[in-house]
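Chemist: There's a structure below that I have some questions on.
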Amino acid sequence: MEKTTINCPQCNEAINVNEILYTQMYSQLSRQLNEKLAQDRKELEQKNVKLEHEKSEILKLKSEIDTAIMLGVNKCLSTERVKQEKMIREQLQVEKSDELNSYKEQLDEKVKEVKELNKLKADFQKLHREKTALKEKIEAEAELRITAEIEQERKKIRKDLESKNELLVAEKEHVIQQLKTQLTEASRKADQGSGQLRGEVMETNLEDYLRQCFPMDTIEEIKKGTKGGDSIHFVHSTMQHNCGSIYYETKRTKDFQPSWIPKFKADMRARNADIGVLVTETYPKGVERLSLMEGIWICSREEAKGLCYVLRESLIRLNDVKTAQSDKGSKMEIIYEYMVSNEFRMQMEAIVEAFTTMQKNLLNEKRAMDAIWKQRQKEIEKVILNATHIYSSIRGIAGSAVKSIRQLELTAGDPIETKTKSNTKLKSRK
């Protein structure tokens, strides 16, 4: 653009016409732009206000939609929860029914077992009574026969007194005495045979228990007719084959004989046994539980089940000590030092105390189980009694329209006393 200048008529100063026109145009355009910007700002503010209003409306609508959705979801969840609860309740009812049926089957099995046990007990009592009656009958017949023979002999003696001398009379009396002695000996042998049979059962039971508890050891039975006890327990460890032996003898008599101990000790020496255990049903006078008498352990069958563990462990440890000290001194001194040591005494006391506690707990558990069985028996009797009362009441109201239940009624021709006794027997068996 060419510069156009003019001179001021007053001061003759050069004036740029283009610059003046540019300034005026710039000023006008700036004013118009500012007005336009102010108008646009105003319109923008109005739009912002409108947008804020629309935003609040949208938020309000969204809140209403969220609320409606939440109510619908809660309603669906409630419906679904009811369905699930109903389904779970039905499933639990089915499982509970199965469980009750299972308990009922178990109860029926237990009742059946109790009936069988009562039947076995009744059969055993019957056999015992028959055996006792037979024994008494045999003894009575023998007594009558011998008495008759004695009377016959006495009558013969009286008839022959006039013709025979006193020597023949003495011979007859001697025969009578021999018959009495033979009768007494026969009765003693019968009782001894029964005691020997019970002793053999006790001996076999103890040997089976030892073999079951200590399969690694050797349980040697002493044959019948051989002099000595009942069995020898040879103890073996994982390190050595023979650590020692325990000598067992069982006694199942009414009275404890002090002469058993010297004989038992002699048998131990003959068998070269380390420890002796006398298992008996009757203790010596003044002894009520497991005790050590003259170097022999005296205990019951139940106490022997715990004592065998103690004695076996003692033999193994004693053998370990002997092996470890074999090059340091006399074996007798080592054994003596160990047997009189406080460690051995404390170990024995601890083990015996533990066994006594176990036995006490076992008795407590047995009493508790007896109480539970008694309670169940009373409950079963109560159920049967109430069922009988209900059935009798319904039969009294409805008469023959109600079908009969054989277990709750008298059979044809049975007296009332017989039915009462049968019900009592049924309750006792239940």
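The values are calculated or read from the model by the stated rules, or taken from the named source; none is laboratory data. Note that this is a predicted model, so its numbers are computed, not measured. So basically every Cβ, Gly included, is an ideal-geometry build from the backbone, and we count neighbours across all protein chains shown. Calculation scope for accessible area: heavy atoms of the full protein, side chains included, ligands and nucleic acids excluded. Shrake-Rupley method; radii C 1.70, N 1.55, O 1.52, S 1.80 Å.
Chemist: I'm told E221 meets every condition in (1) under 22 Å from M339 (Cβ atoms); (2) surrounded by fewer than 15 Cβ atoms within 10 Å (Cβ to Cβ); (3) among the charged types (D, E, K, R) except one. Can you identify the failing condition by its number?
Modeler: Failing condition for E221: (1).
Chemist: Could you please let me know if L21 is of a type in the set (A, V, I, L, M, F, W, C) and within 30 Å of T5 (Cβ to Cβ)?
Modeler: In short, yes.
Chemist: Right, something else. Where in region 316-430 are there helices (runs of 4 or more DSSP H), lying fully within it, with 2 or more residues that are open to solvent by less than 70 Å² (accessible area, probe 1.4 Å) and modelled with pLDDT under 65?
Modeler: Here the list reads 416-429.
Chemist: If we only count strands (runs of 3 or more DSSP E) wholly inside region 239-307, which ones have 3 or more residues that are open to solvent by less than 20 Å² (accessible area, probe 1.4 Å)?
Modeler: Qualifying strands (runs of 3 or more DSSP E): 244-251, 275-280, 296-299.
Chemist: Name the pairs whose Cβ atoms lie under 6 Å apart, with the first residue in region 149-163 and under 16 Å from Q177 (Cβ atoms) and at pLDDT 70 or above, the second of a type in the set (K, R) and part of a helix (DSSP H, G or I), and 6 or more positions between them or separate chains?
Modeler: Matching pairs, first to second residue: E153/K172; I157/K172.
Chemist: Further, regarding this structure: Kindly list, by first and then second residue, each pair from a residue in region 80-107 that is farther than 22 Å from V383 by Cα to a residue that is open to solvent by less than 100 Å² (accessible area, probe 1.4 Å) and of a type outside the set (S, T, N, Q), limited to pairs with Cβ atoms under 7 Å and residues at least 6 apart or on different chains.
Modeler: none
Chemist: Looking at K121, K55, K86, can you tell me which residue is assigned to a helix (DSSP H, G or I), within 19 Å of W373 (Cα to Cα) and of a type in the set (K, R)?
Modeler: Exactly one residue qualifies, and that residue is K121.
Chemist: Now, a different point. Any residue in region 13-31 that is free of Cβ contacts under 8 Å to residues at least 12 places away in the same chain, open to solvent by less than 100 Å² (accessible area, probe 1.4 Å) and not in a helix (DSSP H, G or I)?
Modeler: yes
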